[in-house]
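Input: a single structure, listed below in structure tokens.
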Amino acid sequence: MFFVLDGEVRLLRRSRSGDDVILQRARLGFLAEASLDQPSYHCDAVAAQESALLAIDRKVFVEALRRPEMRDKWSDHLARELRKVRAQSERLSLKTARERIVHFIETEGEGGEIELGRSKKDWAAELGITHEALDRAVARMERADELLVRGTRLRLR
């Protein structure tokens, strides 16, 4: 098991066309939880920036999960991760860039506001749109007074 202490590590696979498909972004959190009970990892882990990780022996981690308090915390963590994945799945089913932007801010931010914490290119990939489409949608939303952009902070109006 790996825990990202600093930086960002991404789990990714390559699509048939050779594009990276980001399955998980880990910042200050566990990485590749779904592989805990598997003999090998099913994707690649790539540091998106300089990162520090804590490596935890898999057998030691599984043994720790036998303790009720650890098992409960792990269950809570997995439930939060599942909710995030479901929100991402819902977001990717939305038709327009605007809908995906609004959904992202509403589900990932607080009170209709978010600190982006990633490049626009990375955000576009996470939204499943091109960075050009993202730029156009953000500009339209700003002109319509639907979105306030201050550096990397975004707020819905």
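Computed from the coordinates by the stated procedures, all read-outs in this text should not be read as laboratory data. Only a predicted model underlies this, so the values are computations on that prediction, with no experimental measurement involved. Note that each Cβ is placed from the backbone with ideal geometry, even for glycine, and that neighbours are counted across all protein chains shown.
Where the only charges are on Cβ atoms (+1 Lys, Arg; -1 Asp, Glu), what is the dipole of the chain about its Cα centre, to the nearest 20 debye?
Values: 30 positive and 28 negative charges, 67 e Å.
With only Lys, Arg, Asp and Glu charged at Cβ, the dipole is about 320 debye.
So if we plug the beta-carbon distance of residue 61 and residue 14 into 1/(1 + (r/R0)^6) with R0 = 35 Å, what FRET efficiency do we get, rounded to 0.05? Provide the component values of the computation, followed by the final result.
Working: r = 28 Å, r/R0 = 0.81.
After rounding to 0.05, the efficiency reads 0.80.
Using a Cα distance threshold of under 22 Å, what count of lysine pairs results for the chain when pairs must be 8 or more residues apart or interchain? Could the numbers behind the result be given before it?
Working: 59/73; 73/84; 84/95; 84/120; 84/121; 95/120; 95/121.
So the count works out to 7.
Take the Cα radius of gyration of the range 36-122 and divide it by 2.2 N^0.38 Å, with N its residue count; two decimals is plenty. Working shown, then result.
Details: Rg = 17.1 Å, N = 87, 2.2 N^0.38 = 12.0 Å.
Here the Cα radius of gyration is 1.42 times the empirical estimate.
Using alpha-carbon pairs under 8 Å, 6+ residues apart, how would you state the relative contact order of the chain in percent?
Details: 196 pairs, mean separation 27.3, N = 157.
Averaging sequence separation for qualifying contacts and normalising by length gives 17 percent for the chain.
Starting from the range 27-90, pick out the trypsin sites (Lys or Arg not before Pro) whose DSSP state is loop and whose Cβ has at most 12 other Cβ atoms within 10 Å. Please list the in-between numbers first.
Values: sites: 27, 58, 59, 66, 71, 73, 80, 83, 84, 86; in loops: 27, 66.
Filter output for the range 27-90: 66.
Normalise the Cα radius of gyration of the chain by 2.2 N^0.38 Å (N = residues in it) and let me know the number. Mind dumping the intermediate values first?
On the way: Rg = 17.6 Å, N = 157, 2.2 N^0.38 = 15.0 Å.
Output field value: 1.17.
Report, in cubic angstrom per residue, the convex hull volume of the C-alpha atoms of the range 75-138. Intermediate values should be presented prior to the final figure.
On the way: hull volume 5.4 nm³, N = 64.
It comes to 84 Å³ per residue, whole-number rounded.
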